[in-house]
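Since the structure comes first, as structure tokens, the remarks are kept for the end.
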């Protein structure tokens with residue numbers, strides 16, 4: 001009682017309490033508040049300027065056939081022009097890519113093709129997971145490989161000498177070594193998966209994406225040199241040379257989510273008690289607490305502590321198809337739209353009663369391998385809803401790939417929508433549980 005009363009005094013009192021220091025109070029505990037869940041498909045999923053490029057395909061009996069392709073600029077990282085020399089001769093053109101993410105069945109060989117984009121990309125355009133840009137039907141080069149999950153892989157794709165010669169001729173004149181000149185010749189590249197792929201990989205991972213124009217300083221020289229063009233996908237959002245997006249689509253025919261429509265929730269009661277989450281496809285579990293105001297039935301109320309636990313059903317995991325390590329809650333309401341402020345998704349913040357951080361930053365829940373659940377602390381969020389100071393009264397749970405959000409200048413969408421990881425929320429009693437300690441003023 002002393003601890004909970006201290007917590008109450010430490011927080012900002014809600015508008016409708018106005019307790020004097022001597023007001024008698026009673027402190028209560030409940031773990032029976034109704035938590036209503038449903039599955040929501042976002043109206044759009046922004047995949048502009050991603051931190052990684054996704055390419056591949058895999059089939060999931062619950063989520064359908066997932067296909068990912070990526071589209072991006074290449075740019076010159078050189079700050080000063082490079083003199084190739086009048087005797088230099090073209091040798092070859094190679095795309096180098098590193099990857100450290102693979103999702104799906106990685107045992108069979110995977111295939112990707114590199115295509116030349118024929119449509120302008122824009123750094124200022126917002127692209128979505130369903131966006132398209134045109135590219136040439138004939139690939140510049142193809143690669144068959146075995147994805148190596150759990151380790152940093154590297155891919156080397158030999159590309160068309162026709163494009164290589166064009167780029168070499170352009171770059172041979174130092175004045176042409178600018179992004180504008182390069183983009184006028186090469187609008188960008190598209191990474192497209194093979195029809196029979198069984199996994200999706202993420203590049204650049206930690207190794208980056210480089211388009212290497214190899215040349216020799218003279219016809220008799222046996223040593224090759226390289227002029228490097230880089231994708232710069234992992235640079236800050238404000239970088240003027242960064243542009244690209246991931247296209248990630250699903251065929252859900254014959255799955256529990258076959259009829260899902262944007263912003264129209266599917267109640268858990270209609271999917272055998274389960275709800276679903278998938279990152280870049282915009283499938284989220286909506287969490288509502290419809291009877292929160294009942295806590296005020298016996299008088300003005302303050303929430304001392306609120307803890308929400310979500311337990312996934314691990315029986316749906318498969319080899320290479322596992323749950324995301326991190327989750328966040330986004331603010332929403334009856335519209336089911338993700339609430340944003342100045343372009344940032346509104347992720348619920350860390351809670352001073354659950355996690356002591358300064359300054360306040362977005363709350364990221366890490367999967368607990370011991371308790372086999374995700375935990376969110378909602379004290380300040382529910383208190384604000386109860387007192388009427390916060391209008392967004394529901395949450396959307398979605399994966400995030402880092403637990404270090406809140407850096408200055410970081411846009412959250414660059415950490416959201418970057419994977420195809422998925423999760424099924426369990427349907428057993430207690431798989432979704434809200435525990436609340438609260439204090440009621442005795443009138």
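Values as computed for the structure displayed
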| read-out | value |
| --- | --- |
| Residue satisfying all of: in region 176-200; in contact with a helix residue (DSSP H, G or I) (Cβ under 8 Å, 6 or more places away or on another chain) and either part of a helix (DSSP H, G or I) or not assigned by TED's automatic domain parsing to the domain that holds residue 139 (or both); surrounded by the fewest Cβ atoms within 10 Å (Cβ to Cβ) among these | 185 |
| Residues (in contact with a strand residue (DSSP E or B) (Cβ under 7 Å, 6 or more places away or on another chain), surrounded by fewer than 18 Cβ atoms within 10 Å (Cβ to Cβ) and at pLDDT below 90) located in region 357-391 | 360, 361 |
| Index of the failed condition, residue 7 passing every other in (1) surrounded by 14 or more Cβ atoms within 10 Å (Cβ to Cβ); (2) in a loop (DSSP other than H, G, I, E, B); (3) modelled with pLDDT under 80 | (2) |
| Tally, over region 296-317, of residues that are over 20 Å from residue 426 (Cβ atoms) and in a strand (DSSP E or B) | 6 |
| Index of the failed condition, residue 349 passing every other in (1) free of Cβ contacts under 8 Å to residues at least 40 places away in the same chain; (2) crowded, with 21+ Cβ neighbours inside 10 Å | (2) |
| Scope region 14-51; condition at pLDDT below 50 and under 30 Å from residue 338 (Cβ atoms); matching residues | 14, 15, 16 |
| Residues being closer than 17 Å to residue 424 by Cβ and in a strand (DSSP E or B) - total across region 32-55 | 5 |
| Residue 233 vs. criteria surrounded by 20 or more Cβ atoms within 10 Å (Cβ to Cβ), at pLDDT below 90 and at negative phi | yes |
| Meets criteria (touching a strand residue (DSSP E or B) at 6+ places or on another chain (Cβ under 7 Å) and either at pLDDT below 95 or assigned to a loop (DSSP other than H, G, I, E, B) (or both)) for residue 242 | no |
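The values are calculated or read from the model by the stated rules, or taken from the named source; none is laboratory data. Owing to the predicted nature of the structure, the values given are computational and were not obtained by experimental measurement. FYI the Cβ positions are ideal-geometry reconstructions off the backbone, even for glycines, and counts take in every protein chain you see.
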